[in-house]
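Where a number appears in this text, it was derived from the coordinates with a stated rule and is not lab data. What you see is a predicted model, and the numbers here were worked out from it, not measured in a lab. Glycine gets a Cβ as well: all are built from the backbone with ideal geometry, and neighbour counts include every protein chain shown.
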Amino acid sequence: MIQLYHLTKVYNGRKVALNDVSFKVDEGEFVFIAGPSGAGKTTLIKLIMCEERASQGQILVDRLNLQRIKPNKIPYLRRKIGVIFQDFKLIPTRTVFQNVALRLEVQGAKRSFINKKVRVILKNVGLEGLGEALPPQLSGGEQQRVVIARAMIGDPLILLADEPTGNLDIDLSRNILNLLLDINKGGTTVLMATHNQEILQETNKRVIRLDQGRLVA
Ligand SMILES: Nc1ncnc2c1ncn2[C@@H]1O[C@H](COP(=O)(O)OP(=O)(O)OP(=O)(O)O)[C@@H](O)[C@H]1O
Ligand SMILES: [Mg+2]
């Protein structure tokens, strides 16, 4: 599903964020991207969603070669990918339902389809009945579930999660991890970046470890 060959990313011609990284992620796999702050985890996620371009090497996502992808094909790539970012904010003045529905509305989906789809997704992430709440009325864990629902609304093939448990305590972090594991059981390929050692030890899933831009394990 995702293949990296000798991937290198240099910012501003001098900061080496990723250095000759190669690995593959199979369809339906759940993989952790681990490593200390500055290791290159977020950079890797940005390269996979084509928010940044590699300096050297190749990257293939569902057979699309991102080194050669034309700008007009990037929306097509992005439809395959759901993203949960470290600092992704919900719109505080819009309801949970509206936050989750936004992507489908932009795509011009039918109202009846959107209503049904959002209801199912909210149920799947354990937020049934909270559709009319505003994000500031929710707990941190609940807000993170809304972010996950929003990422999953387009039925992506791949879910990229950058520190999805960032500000949560260990119980809530486990809770979010379990939700991502459930999503993975449904067939979505999941990449989760984290530096939380406790979370890494919760499962026997593969861990790709980066340090200063290099793949170390
Ligand atoms: N846009 C940018 N311009 C210049 N340097 C950058 C840019 N983005 C990241 N870097 C640098 O690249 C390196 C890797 O950053 P990255 O954000 O990928 O690390 P990370 O593993 O996600 O860290 P954290 O755990 O703190 O989120 C860091 O040294 C960072 O300062
Ligand atoms: Mg990061």
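Brief remarks on what is shown
- Among (1) in contact with a Phe, Trp or Tyr (Cβ under 6 Å, 6 or more places away or on another chain); (2) within 24 Å of P75 (Cβ to Cβ) - the single one N184 does not satisfy: (2)
- Here P164 passes the criteria (1) surrounded by fewer than 19 Cβ atoms within 10 Å (Cβ to Cβ); (2) within 16 Å of ligand 1 (Cβ to nearest atom) except the one numbered (1).
- Checking K15 against (1) farther than 22 Å from G82 by Cβ; (2) within 16 Å of ligand 2 (Cβ to nearest atom); (3) touching a residue at least 60 places away in the same chain (Cβ under 8 Å); (4) not polar (S, T, N, Q), the condition it does not meet: (3)
- Which numbered condition L159 misses (of (1) crowded, with 20+ Cβ neighbours inside 10 Å; (2) more than 14 Å from F32 (Cβ to Cβ)): (2)
- Qualifying residue in segment 130-153 (condition: surrounded by fewer than 16 Cβ atoms within 10 Å (Cβ to Cβ), within 15 Å of the chain's Cα centre (by Cα) and not aliphatic (A, V, I, L, M)): no
- Selection count where residues are under 14 Å from the mean Cα position of the chain (by Cα) and more than 6 Å from ligand 1 (Cβ to nearest atom), scope segment 35-44: 1
- A single member of A193, A161, A151 is touching a residue at least 40 places away in the same chain (Cβ under 8 Å) and more than 16 Å from ligand 2 (Cβ to nearest atom), and it is A151.
- Among residues of segment 176-190 being part of a helix (DSSP H, G or I) and in contact (Cβ under 8 Å) with a residue 60 or more places away in the chain, the one that is farthest from I81 (Cα to Cα) is L181.
- Residue satisfying all of: in segment 18-64; touching a residue at least 24 places away in the same chain (Cβ under 8 Å) and in contact with an Asp or Glu (Cβ under 6 Å, 6 or more places away or on another chain); farthest from G213 (Cα to Cα) among these: I45
- For segment 81-106, the candidate set comprises residues that are without any contact (Cβ under 8 Å) to a residue 24 or more places away in the chain and not in a loop (DSSP other than H, G, I, E, B); within that set, the residue that is nearest to ligand 1 (Cβ to nearest atom) is V106.
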